[in-house]
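What follows is one structure encoded as structure tokens, with my remarks underneath.
The values are calculated or read from the model by the stated rules, or taken from the named source; none is laboratory data. Remember, it's a predicted structure, so these values are computed and weren't measured experimentally. Every residue, glycine among them, receives a Cβ derived from its backbone with ideal geometry; neighbour counts consider all protein chains shown. Only protein heavy atoms, including side chains, enter the accessible area calculation; ligands, DNA and RNA are left aside. Shrake-Rupley method; radii C 1.70, N 1.55, O 1.52, S 1.80 Å.
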Amino acid sequence: MSRFSGMILTIVSLGAVQISADAQGSLVKDIEEMGKFDYWTVRVIDESSIIGGATTYLYEPTAVNDTIYGRQAYVNPEGCVWRTSNAYADVLGVVKTSTSVFPEKRGDGYCARMEVRMAHLKVLGLINMDVACQGSMFLGRLQEPIRDTKNPQGKLLFGFPFTDMPKGLQLDYKAIVGGDAVRATGLSRVKPLGYKDYADLVLMLQYRWEDENGNVYAYRVGTAYERITKTVTEWQNAHFLPVKYGDITSDPDFRPYMGLIKEELSNYTLNSKGESVPVHEIGWAKPDMKPNWLIIRFSSSYGVAFEGAIGNTLWIDNVKLVY
């Protein structure tokens, strides 16, 4: 269990609670150390025989190379703050996995490769289903096993407690983007959506609080957001995204997608009752407001769940906060 998991409930319920300097420093260090993506845990899971019984492999960045066998939920080990969109689902006893993030050799180490992939599912050789799966990497946790396809956003718990105000986010990246987006849920035919799909690099700082009914709200304190709209096949090393604080809507570089998170796209967190609830981002922070929450996510698609351009690919490496 990550050393930060115990703080999640506390800071949401109390808002202004102080995070110790040691915990704060550990998170910054873990973001950078694990953000080198040189070590991975491989999860080996056999899917249900009704859908073919394939042996599948899921990957998570960790501190040491490891292999986990069997149908078991994955919990971030100590200090491993990054999580992928790779997931293990058990819906009414049918076990299925989804893998769209992979380790890839880079020099003497590894990087992370995120793809938009089309998963093909056969049930007893009679029913064929296609599902679009986005590859993403984020700071936080994923609730497993996934029990249904309802509200996929609610399965992701983005971010950790954080009170620093960094200058920006630095990483290496390259990307293949600009494919035609489709929607594929497995419940109907693949539907072209008529737009080009791109990759996202995102950091958000929030000030969160919880009301007496367990609802969680947030002000946006800081934003670093870049949408990659051009294919770049050479590594862009030490790429820097500046964090802009306060209301950025009048900034010349502001784009609508950088604005407050829409209700239907809300991030989720655990409230003080242990319930997964949406975080309602209701406004921009005043200039003197400090954050208490950090979100970082990278995605090969900017679409919602089950949408994206098949073949879009984003590689990232050497992620760190800059002060």
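Here are the numbers for this structure:
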{"item": "Per-pair calculated FRET efficiency, R0 = 51 Å: TRP235 and ILE50 via Cβ, rounded to 0.05", "result": "0.75"}
{"item": "FRET efficiency for THR249 and THR185, using Cβ-Cβ distance with R0 set to 35 Å, rounded to 0.05", "result": "0.55"}
{"item": "Residue among GLY52, GLY222, GLY194 with the largest mean-square fluctuation in a Gaussian network model of the chain, springs linking Cα atoms under 10 Å", "result": "GLY194"}
{"item": "Top of SER136, SER300, SER26 by mean-square fluctuation, Gaussian network on the chain, Cα under 10 Å", "result": "SER26"}
{"item": "Counting DSSP beta bridges with both ends in the chain, the antiparallel % (nearest 5)", "result": "90 percent"}
{"item": "GluC sites (Glu not before Pro) lying in DSSP loop within the stretch 12-110, provided at most 14 other Cβ fall within 10 Å", "result": "GLU78"}
{"item": "Cα gyration tensor shape of the stretch 80-233, rounded if a/c is under 1.5, else prolate or oblate by comparing a/b with b/c", "result": "oblate"}
{"item": "Of the GluC sites (Glu not before Pro) in the stretch 198-279, those whose Cβ has at most 13 other Cβ within 10 Å and which sit in DSSP loop", "result": "GLU212, GLU275"}
{"item": "For the stretch 215-264: accessible area per residue (Å², 1.4 Å)", "result": "58 Å²"}
{"item": "Surface accessible to a 1.4 Å probe, LYS29 within the full protein complex, Å²", "result": "130 Å²"}
{"item": "Chain lengthening between TYR57 and GLU212 when straightened (0.36 nm per residue, less Cα-Cα)", "result": "51.6 nm"}
{"item": "Modelled label reach - LEU121, point 7 Å along Cα→Cβ, the stretch 96-115 residues with backbone N closer than 14 Å", "result": "96-99"}
{"item": "Mean shadow area of the stretch 237-285, taken as a quarter of the surface of its Cα convex hull (nm²)", "result": "5.5 nm²"}
{"item": "Descending principal axes extents, the chain, alpha-carbon based, whole Å", "result": "60, 42, 41"}
{"item": "Portion, in percent, of the accessible area of the stretch 237-323 that falls on carbon or sulfur, probe 1.4 Å", "result": "55 percent"}
{"item": "Surface accessible to a 1.4 Å probe, PHE162 within the full protein complex, Å²", "result": "0 Å²"}
{"item": "Lysine pairs with alpha-carbon atoms under 30 Å apart, the stretch 180-323, spacing 8 or more or separate chains", "result": "21"}
{"item": "TYR195-ALA21 FRET efficiency (beta carbon distance; Förster radius 41 Å; 0.05 resolution)", "result": "0.35"}
{"item": "Inter-part distance where the stretch 44-94 and the stretch 126-194 are each reduced to a Cα centre, Å", "result": "16 Å"}
